[in-house]
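The values are calculated or read from the model by the stated rules, or taken from the named source; none is laboratory data. Keep in mind the model is a prediction, meaning the values are calculated, not measured. Cβ coordinates were reconstructed from backbone atoms using ideal geometry, including for glycine residues, and neighbour counts include every protein chain displayed. Remember, those area values only see protein heavy atoms, side chains included, never the ligands or the DNA or RNA. Shrake-Rupley method; radii C 1.70, N 1.55, O 1.52, S 1.80 Å.
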Amino acid sequence: DADLARSLNNVSNHYATLAELETTREGRLIWLRKAVDAVEDAIAMRRALGIQADLASSLHNVSNRYGEMAGLEPARDARRTWLQKAIHAAEEGVAIQDALGIRGAMAMSLNSMSNRCAQLAEMEPAREGWDAWLRKAIEAAEASVEIQRELGVPGDLAVSLGSLGNRFHMRASAETDRTRRMDDLRSSRDAAEEAGRLFRAAGEIKFLLLSLQDLVSAHGLLAEMGDPADVEILRALCLEGNQLARSMRDGEAEAFFTGILDWIE
């Protein structure tokens, strides 16, 4: 049974990879449903066997699959249901990993959970619900960053920092209190800046581009609110972002940096 559960977990990952290669929604759904069915069977077996570390691994996988299913759902309620399932699976996995001291996997699960909570926050019509989910997203991202700092793996730390910076930016976008908004924007800027340095050192161009966009956005909004900004730093970041965007043929990102450069001038 343990070997069968391992095979089911692995084949679920292969199905998910095949889903990524599909160009139609229908094609992706076929492979993702297979991926979900396989990993859910693996979870049932591993739960019965009491193999906690393996169970946590499958819970992390199924959380990702549920999140991918949510992204394919056109109906709001169905999308919310998949995201909630993803969070519940991630929470159970995190609790197991914490008890076993599996810190690296726990940090990854926390970061994934933060992403799902942020997605649910965006779907909330009421401010109270939005606040609750975003608070949970920030707490999960902060915990992930803390663990990654302890472990000292630059690439993984950069990913968690990128998520944390995005969460702070989300909260700042809806904050009406000027002081709290500026605090969140500064936190977003600092996280994006550190993530950018790590991605730059590792040559992770795709992720560096995203960090540069977050960093420039935070700098720009702080400048609009009267926070002293170094124009030359902002210009240099935009020029770097423009060059990266052109090399990746990302017209949307290039337009973003060009717009900020025009605003600076």
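Results, tabulated for the structure shown:
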{"item": "Test set (1) open to solvent by 60 Å² or more (accessible area, probe 1.4 Å); (2) within 19 Å of Arg197 (Cα to Cα) - Leu237 fails condition number", "result": "(1)"}
{"item": "Qualifying positions in the stretch 153-180 - open to solvent by less than 60 Å² (accessible area, probe 1.4 Å) and either without any contact (Cβ under 8 Å) to a residue 24 or more places away in the chain or more than 19 Å from the chain's Cα centre (by Cα) (or both)", "result": "Ala174, Glu175, Asp177"}
{"item": "Within the stretch 38-76, considering residues that are surrounded by fewer than 16 Cβ atoms within 10 Å (Cβ to Cβ) and of a type in the set (Gly, Ala, Ser), the one nearest to the chain's Cα centre (by Cα)", "result": "Gly71"}
{"item": "Some residue of the stretch 93-104 being farther than 17 Å from Ala53 by Cβ and either modelled with pLDDT of 95 or more or exposed (fewer than 15 other Cβ atoms within 10 Å of the Cβ) (or both)", "result": "no"}
{"item": "Some residue of the stretch 184-191 being more than 20 Å from Val153 (Cβ to Cβ) and of a type in the set (A, V, I, L, M)", "result": "yes"}
{"item": "Sole exception among (1) open to solvent by 60 Å² or more (accessible area, probe 1.4 Å); (2) more than 22 Å from Gln119 (Cβ to Cβ); (3) of a type in the set (Ser, Thr, Tyr); (4) in a helix (DSSP H, G or I) for Thr23, by number", "result": "(4)"}
{"item": "Ser173 being modelled with pLDDT under 95, assigned to a helix (DSSP H, G or I), under 29 Å from Arg200 (Cα atoms) and out of contact with any Ser or Thr (no Cβ under 6 Å at 6 or more places or on another chain)", "result": "yes"}
{"item": "Enumeration of residues in the stretch 143-152 that are of a type outside the set (A, V, I, L, M, F, W, C), surrounded by fewer than 19 Cβ atoms within 10 Å (Cβ to Cβ) and touching a helix residue (DSSP H, G or I) at 6+ places or on another chain (Cβ under 8 Å)", "result": "Arg149, Glu150"}
{"item": "Positions within the stretch 109-126 being at pLDDT below 95 and more than 25 Å from Ser173 (Cβ to Cβ), in sequence order", "result": "none"}
{"item": "Matching residues in the stretch 186-234 - criterion: being open to solvent by less than 30 Å² (accessible area, probe 1.4 Å), modelled with pLDDT of 95 or more and over 22 Å from Arg246 (Cβ atoms)", "result": "Ser188, Ala191"}
{"item": "Candidate set: the stretch 127-161, residues that are more than 28 Å from Glu204 (Cα to Cα) and small (Gly, Ala, Ser); chosen: the one modelled with the lowest pLDDT", "result": "Gly129"}
{"item": "Cross-chain or 6+ apart pairs with Cβ under 8 Å, the stretch 231-248 first and more than 10 Å from Leu209 (Cα to Cα) and touching a residue at least 40 places away in the same chain (Cβ under 8 Å), then in a helix (DSSP H, G or I) and hydrophobic (A, V, I, L, M, F, W, C)", "result": "Ser247/Ile205"}
{"item": "Yes/no for Asp183 being among the charged types (D, E, K, R), buried (at least 21 other Cβ atoms within 10 Å of the Cβ) and part of a helix (DSSP H, G or I)", "result": "no"}
